[in-house]
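Everything on this sheet refers to the single structure shown next.
The values are calculated or read from the model by the stated rules, or taken from the named source; none is laboratory data. In this text, all values refer to a predicted model and were calculated from it rather than measured experimentally. Cβ coordinates were reconstructed from backbone atoms using ideal geometry, including for glycine residues, and neighbour counts include every protein chain displayed. Remember, those area values only see protein heavy atoms, side chains included, never the ligands or the DNA or RNA. Shrake-Rupley method; radii C 1.70, N 1.55, O 1.52, S 1.80 Å.
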Amino acid sequence: MRIFDPHIHMTSRTTDDYARMAAAGVAAVVEPSFWLGQPRTGPSSFTDYFDSLVGWEPYRAAQFGVVHHATIALNPKEANDPRCRPVLDLLPRYLDKDRVVAVGEIGYDSMTPEEDDAFERQLALAVEHELPALVHTPHRDKAAGTRRTLDLVKASGLEPGRVAVDHLNEVTVGLVHGSGCWMGFSIYPETKMSPPRMVELLRRYGTERVLVNSAADWGVSDPLLTLETAREMLAAGFDEDDVDQVMWRNPVEFYGQSGRLDLSAVTGAAEPTFAGSSIKRGGE
Amino acid sequence: MTPPERLRAALRDTPHAAWLEQALAEPGRFTRSFAAAGRRTGRAPLPGAPGWTADEAVRALLLESLPPGRAAAEAHDLYRHGDADEKRAVLKALPMLPAGADALPVTVPLLRDAIRTNDARLLAAALGPYAAHLDQAAWRQAVLKCVFMGVPLSEVDRLDERADAELAAMLAAFAAEREAAGRPMPGDAAALLGRLTGDRTPEET
């Protein structure tokens, strides 16, 4: 089974996770830029983070045979901090990078005017840089936030098929299904969405335009819940092809719209690397 | 042929040459072209230019085209905001940058930055011909780091010419640590140590 996790924060994960993911068939990941738990206080700590997402982290992932791409944005939470907002002017440079396959995570946290402005400006950047957009929906007041998200997307001129609206649940999925946007689901051990509930939603809404991710980060989360969901799908009567569509072909199709998804390392063509590395200490 | 001429010759009659020409004709989009080079030309090794990939070659020629007064500052900026492939291309292009000795305070720190990283590809790229501008202490540490990280010593420019007794002592100490840990010393490092101390290498015994 091949798995593409379309939303996972590998910066917060260990090499043990990479090894377990690779062994489980997770051959490709997209790491959206987001907040780090600890608030940042200025643009340069964002650019150091972005540098890591297009520099060190793909290199680290490659040591384990995992292909890594990123999405770049000012996240909704920190869009409210005037000390962080100047990073909006630095985004265009990063949105030109080879391994950046979308603008994201953008969207709403508390639905403030500052968030409206940052969201709108970054949707415009997606249009300008010919990139899809990955949109986070809020933890609180999720249904209202999702409606407002879809209104803003519509006004932006970005095609719905180039937008993924993430962290959906039973209450919000219908809104997004009707909009033509991609439906993202984050499978968490306790909150957001569970594998059995996910399978039920796949029964109701089908396997098209669906992205299933672990959204694993520095909180309680599990990078193998994509695999768990795939197994749950098979147990519920979905076939291997359905699983491959949801777990591999869908994310490839969504992020492939960037024209920058490079899966040659998975499909066979080798990139130049050296045998040893300082991550797999000992050169095994 | 100079190194840029060699790259230009290797690119001739490939679609990359046309793309490069177009990029050079739009100086206002220089930074965007430099970033996009990888997906425009691909990252395959360039036949006719051993050690170079297509994206590295066009990026190097973009840098080489800059006016002398701006080249070093531009290289520094592209490295600072570059992804790993862009950084590697900047490092490899440094010897062909149209800049004199007065640029060294701007360019040599890029080598030092690359040597501090744990990215084997950046470390190797920092030890090309431009490493002539590194002082001997920094160069020795970088060579030892190659051994530690498994970067082949064949990547190091002028290795035998520059290797000295101090490097031999460092390699011998490293070999002793490895032996104590029951782990092998990389063959190319053992061979270098042998050449420096006049001993036969393990491979030869």
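The single condition among (1) under 19 Å from the mean Cα position of the chain (by Cα); (2) surrounded by fewer than 20 Cβ atoms within 10 Å (Cβ to Cβ); (3) more than 14 Å from chain A (Cβ to nearest Cβ) that residue B:153 does not meet is (3). For the stretch B:14-24, the criterion of being farther than 26 Å from residue B:151 by Cβ and not in a helix (DSSP H, G or I) is satisfied by at least one residue. If a residue must be away from every other protein chain (no Cβ under 11 Å) and open to solvent by 10 Å² or more (accessible area, probe 1.4 Å), how many such residues does the stretch A:45-66 contain? Total meeting the criteria: 4. For first residues located in the stretch A:26-55 and farther than 11 Å from residue A:72 by Cα, partners that are in a strand (DSSP E or B) and lie 6+ apart or on another chain with Cβ distances below 6 Å form the pairs A:26/A:3; A:26/A:5; A:28/A:4; A:28/A:67; A:29/A:5; A:29/A:68. One residue stands out among those in the stretch B:51-66 that are more than 12 Å from chain A (Cβ to nearest Cβ) and open to solvent by 40 Å² or more (accessible area, probe 1.4 Å): the one that is farthest from residue B:107 (Cα to Cα), which is B:65.
Sort out which residues of the stretch A:72-98 are closer than 16 Å to residue A:41 by Cα, assigned to a helix (DSSP H, G or I) and in contact with a Ser or Thr (Cβ under 9 Å, 6 or more places away or on another chain), and write them in order of number. Passing the criteria: A:79, A:80, A:87, A:90. Taken together, B:38, B:69, B:48 contain a single residue that is without any contact (Cβ under 8 Å) to a residue 12 or more places away in the chain and either assigned to a helix (DSSP H, G or I) or more than 14 Å from chain A (Cβ to nearest Cβ) (or both), which is B:69. Looking only at residues of the stretch A:138-156 that are among the basic types (Lys, Arg) and farther than 22 Å from residue A:191 by Cα, we find that the one that is least open to solvent (accessible area, probe 1.4 Å) is A:148.
Listed here are the helices (runs of 4 or more DSSP H) enclosed by the stretch A:201-266 that have at least 1 residues being touching an Asp or Glu at 6+ places or on another chain (Cβ under 6 Å): A:225-235.
Select from the stretch A:101-129 the residues that are assigned to a helix (DSSP H, G or I) and of a type in the set (Gly, Ala, Ser) and write down the one among them that is most open to solvent (accessible area, probe 1.4 Å). Full working, then the answer.
Applying the first criterion (assigned to a helix (DSSP H, G or I)) to the stretch A:101-129 yields A:113-128.
Applying the additional criterion that residues be of a type in the set (Gly, Ala, Ser) yields A:118, A:124, A:126.
On the way: A:118: 2, A:124: 54, A:126: 1 Å².
Filtering the stretch A:101-129 for residues that are assigned to a helix (DSSP H, G or I) and of a type in the set (Gly, Ala, Ser), the one most open to solvent (accessible area, probe 1.4 Å) comes out as A:124.
May I ask you to list the residues in the stretch B:1-29 that are touching a Leu at 6+ places or on another chain (Cβ under 7 Å) and within 14 Å of another protein chain (Cβ to nearest Cβ)? Answer for the stretch B:1-29, where residues must be touching a Leu at 6+ places or on another chain (Cβ under 7 Å) and within 14 Å of another protein chain (Cβ to nearest Cβ): just B:23.
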